[in-house]
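In what follows, a structure is listed as structure tokens, so that the remarks can point back to it.
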Amino acid sequence: MNKSFLDILVYPEIFSQLSGKSFCNKSVGSLSWLKVGGSAEYLYIPSNEEDLSLLLGSLHDEINLHIFGKLSNTLIRDGGISGLTILIPSSFCGIELVSDTKLQVGSGVSDKVLANRCLSLGIGGMEFLSGIPGSIGGGVFMNAGSFGSEFKDIVLEVNFISKSGKKIIKKRDEIDFGYRKTNLCDNMIITSVLMEGFLKDSFDIKEIMKDINLQRTLSQPQGRPTGGSTFKNTKNYKAWELINKSGMSKAYCGEAIVSNVHSNFLINKGKATAKDFENLGNMIIEEVKNELGILLEWEIQIVGDNE
């Protein structure tokens, strides 16, 4: 049955005022870094913050809402995503220099883009972003990190729009940043983030970024679809150590396989399904638990419906 985007709006007349792009039953699996998964029942790509606020203020309350940036750390199930999926574009809000060391950054800005901008401005503390394949909004939401630093180290305050379209600001001390998680609600959409680094010589910044990218190239799989780190590290062990110790470093399911470069990365050989990846991940969790008595947790976000 054909669906109309108007079906999710309380006030259909506002549709003509929206300036973003709307779709029904739109394939989104191909947009994910894993290159698997089904379609979004409803998909919207806002043009700016005002456009997003206008849409949210007109949604039926019962609509399930899903918000993504780069889909870099996300597994979309083969049955697709019901409700409304919002993709925050890379152009969302941009980057504004507030002071010598502070920047207002749009949630859709790529981590790497911000790292390079800070390099040109001589702002240190952001180098680790060059090793994270995602966007600022997603990074804040899950407190992403790499090479010894995390988003909690650079965030001062976060701007949101609630599901009702209301604008909200939270200071850093109002957010509970944990290991690869926060207490932020799924229905609060990050629009921009005030971030702070420190003055640093651009040459030194560049050298650190070069080292990060070299380490990333040598220690992480290249040239194949992957979703980044699959499981969270535990208190005493790295996830890859547990996978190796359990004998699962060469495991596979269909065309989803464990990387031979880094065991905590799963790779799409070309024709893998989302079910292949989820089954492989669950096989690893079960084997690690059986062999070592330790329960691994997914770091990749799994969303959507099974076929």
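The values are calculated or read from the model by the stated rules, or taken from the named source; none is laboratory data. Note that the coordinates shown come from a computational prediction; the quantities given were computed from them, not determined experimentally. Backbone-built Cβ (ideal geometry, glycine too); neighbour counts: all protein chains shown.
Can you tell which of Phe68, Phe92, Phe23 is aromatic (Phe, Trp, Tyr) and more than 30 Å from Phe231 (Cα to Cα)? Let's see the steps before the verdict.
Details: Phe68 fails: more than 30 Å from Phe231 (Cα to Cα); Phe92 fails: more than 30 Å from Phe231 (Cα to Cα).
After applying the criteria, what remains is Phe23.
Could you tell me which residue of segment 1-39 is farthest from Asn306 (Cα to Cα), considering only residues that are touching a residue at least 60 places away in the same chain (Cβ under 8 Å) and among the aliphatic types (A, V, I, L, M)?
Step one: of segment 1-39, the residues touching a residue at least 60 places away in the same chain (Cβ under 8 Å) are 8, 29, 32-38.
Next, only the ones that are among the aliphatic types (A, V, I, L, M) stay: 8, 34, 36.
Values: Ile8: 23, Leu34: 17, Val36: 13 Å.
Step by step, filter segment 1-39, then rank; the result is Ile8.
Taking the criterion of being among the hydrophobic types (A, V, I, L, M, F, W, C), touching a strand residue (DSSP E or B) at 6+ places or on another chain (Cβ under 9 Å) and surrounded by 18 or more Cβ atoms within 10 Å (Cβ to Cβ), would at least one residue in segment 145-154 satisfy it? Walk me through how you get there before you give the answer.
Our first condition is that a residue be among the hydrophobic types (A, V, I, L, M, F, W, C); within segment 145-154, this holds for 147, 151, 154.
Filter again for touching a strand residue (DSSP E or B) at 6+ places or on another chain (Cβ under 9 Å), leaving 151, 154.
Still in the running and surrounded by 18 or more Cβ atoms within 10 Å (Cβ to Cβ): 151, 154.
Within segment 145-154 (the criterion being among the hydrophobic types (A, V, I, L, M, F, W, C), touching a strand residue (DSSP E or B) at 6+ places or on another chain (Cβ under 9 Å) and surrounded by 18 or more Cβ atoms within 10 Å (Cβ to Cβ)), the answer is yes, since at least one residue qualifies.
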Complete set of residues in segment 40-96 that are in contact with a Lys or Arg (Cβ under 6 Å, 6 or more places away or on another chain) and without any contact (Cβ under 8 Å) to a residue 60 or more places away in the chain: Ala40, Leu43, Ile45, Ile95
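Can you list the helices (runs of 4 or more DSSP H) lying wholly within segment 181-293 that have 3 or more residues being touching a strand residue (DSSP E or B) at 6+ places or on another chain (Cβ under 7 Å) and outside the structural domain of Gly124 (by TED's automatic domain parsing)? Break it down into steps so the answer makes sense when it comes.
Details: elements: 202-219, 239-245, 274-292.
Counting at least 3 such residues, we get 274-292.
Select from segment 262-307 the residues that are of a type in the set (Gly, Ala, Ser) and within 18 Å of the chain's Cα centre (by Cα) and write down the one among them that is surrounded by the fewest Cβ atoms within 10 Å (Cβ to Cβ).
From segment 262-307, those of a type in the set (Gly, Ala, Ser) are 263, 270, 272, 274, 281, 293, 304; that's our starting set.
Narrowing the set further to residues that are within 18 Å of the chain's Cα centre (by Cα) leaves 274, 304.
On the way: Ala274: 27, Gly304: 24.
Per the criteria, the residue is Gly304.
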Select the strands (runs of 3 or more DSSP E) contained entirely in segment 55-123, then report the ones holding at least 3 residues which are of a type outside the set (D, E, K, R) and buried (at least 17 other Cβ atoms within 10 Å of the Cβ). 65-68, 74-76, 81-87, 102-106
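Take Asp186 and tell me if it is out of contact with any helix residue (DSSP H, G or I) (no Cβ under 7 Å at 6 or more places or on another chain), closer than 29 Å to Trp298 by Cβ and at pLDDT 95 or above. Working first, answer last.
Numbers: out of contact with any helix residue (DSSP H, G or I) (no Cβ under 7 Å at 6 or more places or on another chain): yes; closer than 29 Å to Trp298 by Cβ: yes; at pLDDT 95 or above: no.
No, not satisfied.
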Some residue of segment 193-216 being modelled with pLDDT under 95, among the aromatic types (Phe, Trp, Tyr) and under 17 Å from Leu129 (Cα atoms): no
